Amino acid sequence: MTEIKLLPAGEQYIDQMMALEHECFGRDAWTEESMRFEMLADHTRYFVLLEEETVRGYAGLSKLPSTNQADVQTIAVAPNLRGRGFGRKLLEKLLTEANHLGATEIFLEVRADNPVAQNLYASLGFEHIDTRKRYYQPDDVDAWIMRARLSEGSLREPIVLGIESSCDETGIGIVRGNTLLANVISSSMDQHARFGGVVPEIAARAHLEALQPTLIQALHDAKLSMQDIDAIAVTNGPGLAGALMVGVGAAKALSVASGKPIYAVNHLVGHVGVDVLEGELELPTIALLVSGGHTSLLLVKDLLDDVTLLGETIDDAAGEAFDKVARLLGLSYPGGPAIDKAASGGDPKAIRFPRGLTLPKDMEKHRYDFSFSGLKTAVARWVEVAENNGDDFSVADVAASFREAVADVLTAKAVAACNEHGIKRLLLGGGVVANARLRELAAERCVANGIELRIPELNLCTDNGAMIAALGAQLVMAGRAPSSLDFGVDSTLSVETVHTK
Ligand code: KG4
Ligand code: ZN
């Protein structure tokens, strides 16, 4: 997409502004005369969005010198550019301008039947203060009067609460725009330990018990109450259906009780979106997501509109492989940290374990897919043979060799995806990112291939509510419509569905 610039409006754009005015407002459109008059008046400020030399949007503000109040007179964005944050950009510009002009209150009117616009305005701090009955004629639609107060020039970014419950972590996060305010996680991991893996029913029950205290703690950490929240975001897939249902049920209840809009978002895309909390998320990027529940390789060109699944595990997830191999080596749960520890004194070259789906015959159909169940079986067989022979084998060597096989295949495929798609950027996410060898090998291979490697802080890599809140805030800031309350959970939700409407 070509660059879109925001500039002060001038006479030279008036024809194009009028064309857009008619396209957006039809018979409610202003006349060219009033547009020109307002645009050129001393007490107004008008801006246009330009793509090359074409006007794609405009907005105008009026501020009379004798008052501290300003009015948004008009705002329009070309239909094909909607939902990408340009309406927000225009409004932010108007708010900044109003502030420079000394306004402390800013008003606007919006159709009562336009919740998308209302939500955008609300996310910028506008409140519905009055209604003008049957203001828009001839359709008899009411106008909402909305007002924002400008305090010390600070523009309001949306405060979003995120709820995550797709696996064994109950996560509640709160963000303001791209800033993290709270990230509280309650894990039921200990309750799964004696089973060597996550038991869905136990996870669901644990979410039910943990949700309320986790929410209270998150609000406490952020020093906010539910009234301060602008929107609620919740994971509706992929994940364990029963576990997801608990989070979604809670989010819907909160939304209904508080009247706040709700956004159903994709867990996997949340792992990518979390990077906005640590600075700019640079796109396009390849993302490797590895946890106890998923192992996926994504191509992300646009966080909200263009995410593609390049490949995923065809059997066990990488974390699951760590957990299962730890169990057969007599190590503790979760297996990842235990194997990492055991492997630290071992020789990664002691045993050459198989690398799943890396043979030439796999390259066509499974180029970017993973398989770990054969590796797990190979380790089991190796240990069995050694035990049957009465060999005194080194657990450290087995752990190191297994870990090497996993790290090797994950990083090799991720780097290949970067090279083959010409995208020199790799983002890691998921609990397995804690793995020392995976980090080391990823860093080594990225340097060797000129790839920029991004690894968010670990408590943002493991499942958490902040990543869901962050993705929700991106949707709010882009002016996307909230989900309707009848969305369900989808345990196999595709990465292409970033937001379920
Ligand atoms: O993202 P996460 O917290 O959520 C779930 O999928 O539940 O990931 C947990 C997974 C577990 O399978 C755990 O064994 C694995 O991440 N893990 C690790 C390490 N730390 C945690 N795997 C390898 N090495 C580690 N150091
Ligand atoms: Zn996850």
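Are any residues in the range 185-204 away from ligand 2 (no atom under 16 Å from the Cβ) and part of a helix (DSSP H, G or I), and if so, which ones?
Selection gives D190, Q191, A193, R194, F195, E201, I202, A204.
Which members of the range 17-34 meet the condition of being touching an Asp or Glu at 6+ places or on another chain (Cβ under 8 Å) and in contact (Cβ under 8 Å) with a residue 24 or more places away in the chain?
Correct list: W30 only.
Looking at L181, is it outside any helix (DSSP H, G or I), in the same structural domain as V489 (by TED's automatic domain parsing) and free of Cβ contacts under 8 Å to residues at least 60 places away in the same chain?
For L181, the condition - outside any helix (DSSP H, G or I), in the same structural domain as V489 (by TED's automatic domain parsing) and free of Cβ contacts under 8 Å to residues at least 60 places away in the same chain - is met.
Just wondering, is there one or more residues in the range 295-309 that are in contact with an Asp or Glu (Cβ under 8 Å, 6 or more places away or on another chain), within 16 Å of ligand 2 (Cβ to nearest atom) and not hydrophobic (A, V, I, L, M, F, W, C)?
Taking every residue of the range 295-309 in turn, at least one turns out to be in contact with an Asp or Glu (Cβ under 8 Å, 6 or more places away or on another chain), within 16 Å of ligand 2 (Cβ to nearest atom) and not hydrophobic (A, V, I, L, M, F, W, C).
What number of residues in the range 230-245 are in contact with a Pro (Cβ under 9 Å, 6 or more places away or on another chain) and either more than 15 Å from ligand 2 (Cβ to nearest atom) or polar (S, T, N, Q) (or both)?
The qualifying residues number 5.
Any residue in the range 435-455 that is modelled with pLDDT of 95 or more, in a loop (DSSP other than H, G, I, E, B), within 16 Å of ligand 2 (Cβ to nearest atom) and surrounded by fewer than 24 Cβ atoms within 10 Å (Cβ to Cβ)?
For the range 435-455, residues modelled with pLDDT of 95 or more, in a loop (DSSP other than H, G, I, E, B), within 16 Å of ligand 2 (Cβ to nearest atom) and surrounded by fewer than 24 Cβ atoms within 10 Å (Cβ to Cβ): present.
Can you name the strands (runs of 3 or more DSSP E) wholly within the range 46-126 that have at least 1 residues being assigned by TED's automatic domain parsing to the domain that holds Q474 and either closer than 30 Å to Y263 by Cβ or touching a helix residue (DSSP H, G or I) at 6+ places or on another chain (Cβ under 8 Å) (or both)?
Qualifying strands (runs of 3 or more DSSP E): none found.
Would you tally the residues in the range 367-408 being in contact (Cβ under 8 Å) with a residue 24 or more places away in the chain and either assigned to a loop (DSSP other than H, G, I, E, B) or buried (at least 21 other Cβ atoms within 10 Å of the Cβ) (or both)?
Residues meeting the conditions: 20.
Can you pull out every residue in the range 456-474 that is aliphatic (A, V, I, L, M), within 16 Å of ligand 2 (Cβ to nearest atom) and in contact (Cβ under 8 Å) with a residue 60 or more places away in the chain?
Scanning the range 456-474 gives L460, A466, M467, I468, A469, A470, L471.
Working only within the range 285-339, note down all residues that are assigned to a loop (DSSP other than H, G, I, E, B) and under 20 Å from M363 (Cβ atoms).
Matches in the range 285-339: I314, D315.
Would it be correct to say that D315 is among the acidic types (D, E), touching a Gly at 6+ places or on another chain (Cβ under 9 Å) and surrounded by fewer than 23 Cβ atoms within 10 Å (Cβ to Cβ)?
Taking the combined requirement at face value, the residue satisfies it.
The values are calculated or read from the model by the stated rules, or taken from the named source; none is laboratory data. Computed from a prediction, not measured in an experiment: that's the story for all the values here. Glycine gets a Cβ as well: all are built from the backbone with ideal geometry, and neighbour counts include every protein chain shown.
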